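The next block holds one structure in the form of structure tokens; read it before the comments.
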Amino acid sequence: MSEIVSNATPLIYLAKIKKYSLLKSLYNKIIISQEVKTEIVDEGKKFNKPDSLLIEKEIESGFIEVKKVNKLIETTLELESGELSTLSLAKKIKINEVLIDETLGRTAAKIVGLIPRGTLYVLLKNLKLKNITFNDFLNILNQLIESGFR
């Protein structure tokens, strides 16, 4: 098992369907930037989003670690602050894989030499490792879609 730097979207969707066990079976630790924490916890709590409380609990437990990014990478792509800080943090702490679903963010990750992984990767990897059955995979995928995953 290893560590991965994550953007907001995969964490939000896996929290919405209460499937952080899928992350825990693959990673010892998830690392996020302060910007991502602000987006998913601080802003989420303002709107009473239940997933923000679950994510905050994972931060308190130490499974999710928040790190500050002082210097952002330069890119010609127009990324949101969470995506840009995620890629910058991964480069800074020399972790090659990033958990990111957005197409533009995934493209930028490849450009700067990172390996983008997404929510579907987490499901498929768990299926491949036999942590879940194919029926589990389909049910989880259905839950993701029902929660707004696209």
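Points to keep in mind about this one:
- Selection of region 1-42 for residues being under 14 Å from L84 (Cβ atoms) and either acidic (D, E) or touching a His at 6+ places or on another chain (Cβ under 7 Å) (or both) yields E35, E39.
- Per the conditions (1) under 11 Å from the mean Cα position of the chain (by Cα); (2) surrounded by fewer than 22 Cβ atoms within 10 Å (Cβ to Cβ), the sole criterion not satisfied by E43 is (1).
- Among the residues of region 17-53, those identified as in contact with a Lys or Arg (Cβ under 9 Å, 6 or more places away or on another chain) and closer than 18 Å to L127 by Cα are L22, S25, L26.
- Residue among N131, N126 that alone is of a type outside the set (K, R) and out of contact with any Leu (no Cβ under 7 Å at 6 or more places or on another chain): N131
- Region 51-76, residues that are loosely packed, with under 14 Cβ neighbours inside 10 Å, of a type outside the set (S, T, N, Q) and over 27 Å from S147 (Cβ atoms): K68, K71, E74
- If you go through region 13-36 and keep only what is assigned to a helix (DSSP H, G or I), more than 11 Å from the chain's Cα centre (by Cα) and not aliphatic (A, V, I, L, M), you end up with K16, S21, K24, Q34, E35.
- Taking helices (runs of 4 or more DSSP H) as the structural unit, those lying wholly within region 37-150 and holding at least 1 residues that are closer than 19 Å to L23 by Cβ and at pLDDT below 90 correspond to 43-46, 50-61, 81-93.
The values are calculated or read from the model by the stated rules, or taken from the named source; none is laboratory data. This structure is a prediction, so every number in the text was calculated from the model and none was measured. Here the Cβ is made from the backbone with ideal geometry for all residues, glycine too, and neighbour counts use every protein chain on show.
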